[in-house]
Amino acid sequence: MLYEFVTTYRDEIIAKTRVKVRTRPWPPASTAELENGLPIFLTQLVETLRWEDTDTPFSTQAIGDSATRHGRDLLGLGFTVSQVVHDYGDICQAITELAVDQNAPITTMEFHILNRCLDTAIADAVTEHARITAEARSADEFERMGQVTHEIGNMVNTALLAFAVVKRGTVGVNGNTGAVLGRSLTGLRNLVDSTLSDIRTAASHQRPELFSILEFLSDIAAAAALQAEYNGLHFTREPIDPELSVNVDRQLLASAVTNLLSNAFKYTPAGGRVILRARALDGRVAIEVADECGGLPEGKTDVFTPFGERRAKNRTGLGLGLSIARRAVRAQGGDIEVRNRPGKGCTFIIEVPAAKEVAPIAAGDPIS
């Protein structure tokens, strides 16, 4: 039986999965993930597989309850949604590979059960993670422009991760993970429709916080890597000094970086490269997004003008992204500039004041 195989080879499965987690490009592994997260994942899967093997009719609620508890535990450990999704997939792959290596007598039906458990677990763990995150924010944050940006980022990230799972063929589009994708896209559409006019004019109340640029950009890069993959682009996040820290409004800075990355992916032709990097610069932190769009057209005026002309043939969108990004950065005492590389591309540079102290890397944050 599959759950007996998983129980017997628990240590081997964990060891095999840790190798996968440690060597995958995105999202980066963390110490807490390797030492604590993987055993929690495996325990939850064994519980769901054992339930499937009983005489009691299949209950998605029972599996969902287990996955919900799991999502809550992961949030407590500081894990990101990206780590939740990818770790489930890594464990499933490790189980399959070990079963083949051991010539284990596992039936096709049992593998179908494993995939169904995986589908349900991903959907409910991610949903619970998102629910607790939303509840942790106070009601007044929803009135702020920065909160709107944060909500959009969360929905897009969840939708991209769910789509990545479906695309791999591990689960079907009609399953629970597909439902998470649908809910995220619907919520995103509603949020954009109801707040677009406010985004044009509203100013955000500042809520500075001390945080590490390494973990901040690593989280953004996890979703960006998926977006680049779907656009047929090569995306690189260069190594970042772990002591590089800022004390600004995290949500506003995230909106600016995400806007720059979205523009880079939009204007860089398939097969091109987009690079994300950060460095210290005379008491400030410089975050750079370099693309291969071919450079600004001759005679191009201010690319930061709201509703202005586009910098390439692509005319989709309202032309608000760069304007919103500049306002968000200037609200932090910084600014954005663009360096044109004619015939090659553009480099957009965000500069904000560096923090006077080093932010700690929390449990669940990337170690490299």
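Any read-out appearing in this document is the output of simple, stated calculations on the displayed coordinates, not a laboratory observation. Model, not experiment: these values are computed from the prediction. FYI the Cβ positions are ideal-geometry reconstructions off the backbone, even for glycines, and counts take in every protein chain you see.
Which far-off residues, 5 or more places away or on another chain, put their amide H under 5 Å from the one on Val248, with H placed in the peptide plane?
Answer set, sorted by chain and number: Glu209, Phe211.
In the structure displayed, which of Lys167/Lys266; Lys20/Lys167; Lys20/Lys344 lie more than 26 Å apart, Cα to Cα? Numbers along the way, then the final one.
Values: Lys167/Lys266 21 Å; Lys20/Lys167 19 Å; Lys20/Lys344 36 Å.
Check vs 26 Å cut-off fails for Lys20/Lys344.
Quick one: which of 107-115, 259-267 comes out on top by average Cβ neighbours within 10 Å, and what's the full order, highest first? Spell out each step's value before the answer.
Values: 107-115: 14.7, 259-267: 22.4.
Result, highest mean first: 259-267, 107-115.
5 Å is the cut-off here: which amide hydrogens, built 1.01 Å from N in the peptide plane, fall below it relative to Arg237, excluding neighbours closer than 5 in sequence?
Those qualifying (amide H under 5 Å, at least 5 residues apart or on another chain) are Leu276.
Taking amide H positions as placed in the peptide plane 1.01 Å from N, state which residues far from Gly272 in sequence (5 or more) or on other chains have amide H under 5 Å from it.
So Gly272 has HN proximity to His234.
Just to confirm a number: summing +1 for Lys and Arg and -1 for Asp and Glu over residues other than Ala164 whose beta-carbon lies under 15 angstrom from that of Ala164, what do you get?
That works out to -1.
Please compute the net charge surrounding Leu98, taking Lys and Arg as +1 and Asp and Glu as -1 over other residues with Cβ under 10 Å from its Cβ.
On the way: positive: Lys16; negative: Glu12, Glu97, Asp101.
Residues near Leu98 contribute -2 overall.
Spelling out what I want: for every residue of segment 155-166, take phi, set θ = phi - 60°, compute 6.51 cos²θ - 1.76 cosθ + 1.60 (Karplus), and round to whole Hz; glycine and proline get x.
5, 5, 5, 4, 5, 5, 5, 4, 5, 4, 5, 5
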